[in-house]
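See structure below.
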């Protein structure tokens, strides 16, 4: 089979029973070795804290040591491609703290772009309520996606000389913008365009107008002043956009609708250079269908449910932790505790704004004095 666009279901079906059985065995060994090494004395050269990064490193060690010689043909190519994705994926995980800080700040910045749009760009033509949320992909989901992207890379590789490029997870970190109170797709795309221009183009009118608003506004929004220093620091970052997919104007065959693109933190930025995140834009109606399988009549969309079930079945078959008896940090599935993002995504931030929730008003003299006092204190603390 050689085609450019393979569906998720087709990719899953291209995994042979033998390769899946092998990856299951590797998974069990990964968990056992992670827990074993986590019990060693911290002074031991083999000690690694039994966390999600250690799971990643142990899996790579096992896969690299075993190699691909037990397989041939497409199975060997898929396995080689999958193994070769680990060095970059581990590096991404090592930058978790830094990138979490950046994504948290971006979530706040995009919420303030929503406030600015609501009060100064479109209001009172229409009210928009914006929900901005961010997350880090869980380990099970990351491994599942890397495997399926390896399958896709092998079966769509047209080169007769070179192996396919190792897959990269561009959405390990994700930020989603959800518009409430409107189903107008043109409004959604217009707002996403403004957000993108503010993030990527300092020469644009949108960036300059937003920057000026942040710099000069002395009003209160929802009772609080704009966190100028925090927002201005982030506006000094350099982001570039790639892999834009406009599934709103061109929905997938299964009805998937969303705007999404990858953003890379450039090396010229203060920190996290080379890291990536995915930005998505949806209406609340799109969100309900994609995440919960609910159509416009709040009825279950069975075709969407089938797709999500197949993906869920694969990750649980190959990458879930079964019969857990303890030993991993920040993890106890029996009480729903998963603070490190092993089996479920780690939420970073969730912010909402609307004209009603975040009203604009002039600050009183006393409030202006207090804001100035806080700015002086913050500047002193920073020094």
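Note on region 325-351: residues that are under 11 Å from residue 51 (Cα atoms) and surrounded by fewer than 17 Cβ atoms within 10 Å (Cβ to Cβ) amount to 4.
Within the bounds of region 153-166, is there any residue that is in a helix (DSSP H, G or I), over 22 Å from the mean Cα position of the chain (by Cα) and crowded, with 18+ Cβ neighbours inside 10 Å? Outline the logic, then answer.
First, pick out the residues of region 153-166 that are in a helix (DSSP H, G or I): 153-155.
Checking the rest, the ones that are also over 22 Å from the mean Cα position of the chain (by Cα) come to 154-155.
From the residues that got through so far, the ones that are crowded, with 18+ Cβ neighbours inside 10 Å too are 154-155.
The answer is yes, given that some residue of region 153-166 is in a helix (DSSP H, G or I), over 22 Å from the mean Cα position of the chain (by Cα) and crowded, with 18+ Cβ neighbours inside 10 Å.
Taking the conditions (1) crowded, with 22+ Cβ neighbours inside 10 Å; (2) at pLDDT 95 or above in turn, residue 101 satisfies each one other than (1).
In this structure, residue 181 does not qualify as modelled with pLDDT under 95 and closer than 28 Å to residue 99 by Cα.
Being assigned to a helix (DSSP H, G or I), farther than 30 Å from residue 265 by Cα and either in contact with a helix residue (DSSP H, G or I) (Cβ under 6 Å, 6 or more places away or on another chain) or without any contact (Cβ under 8 Å) to a residue 24 or more places away in the chain (or both): is that true of residue 21 here? So residue 21 passes the test.
Remark: pairs (first residue in region 88-99, free of Cβ contacts under 8 Å to residues at least 40 places away in the same chain; second residue assigned to a helix (DSSP H, G or I); Cβ separation under 6 Å; 6+ apart in sequence or on different chains) = 90/56.
Beta carbons closer than 6 Å, at least 6 apart along the sequence or on distinct chains, pair a first residue in region 230-247 that is within 15 Å of residue 195 (Cβ to Cβ) with a second that is assigned to a strand (DSSP E or B) for 239/263; 240/264; 241/261; 241/263; 244/261; 246/259.
Filtering region 336-350 to residues that are touching a residue at least 60 places away in the same chain (Cβ under 8 Å) and assigned to a loop (DSSP other than H, G, I, E, B) leaves 340, 341, 342, 343, 344, 345.
Table: residues versus (1) surrounded by 15 or more Cβ atoms within 10 Å (Cβ to Cβ); (2) modelled with pLDDT of 95 or more.
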| residue | (1), (2) |
| --- | --- |
| 1 | no, no |
| 15 | yes, yes |
| 22 | yes, yes |
| 25 | no, yes |
| 32 | no, yes |
| 45 | no, no |
| 66 | yes, yes |
| 69 | no, yes |
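The values are calculated or read from the model by the stated rules, or taken from the named source; none is laboratory data. Please read these numbers as outputs of a predicted model, since none were measured by experiment. FYI the Cβ positions are ideal-geometry reconstructions off the backbone, even for glycines, and counts take in every protein chain you see.
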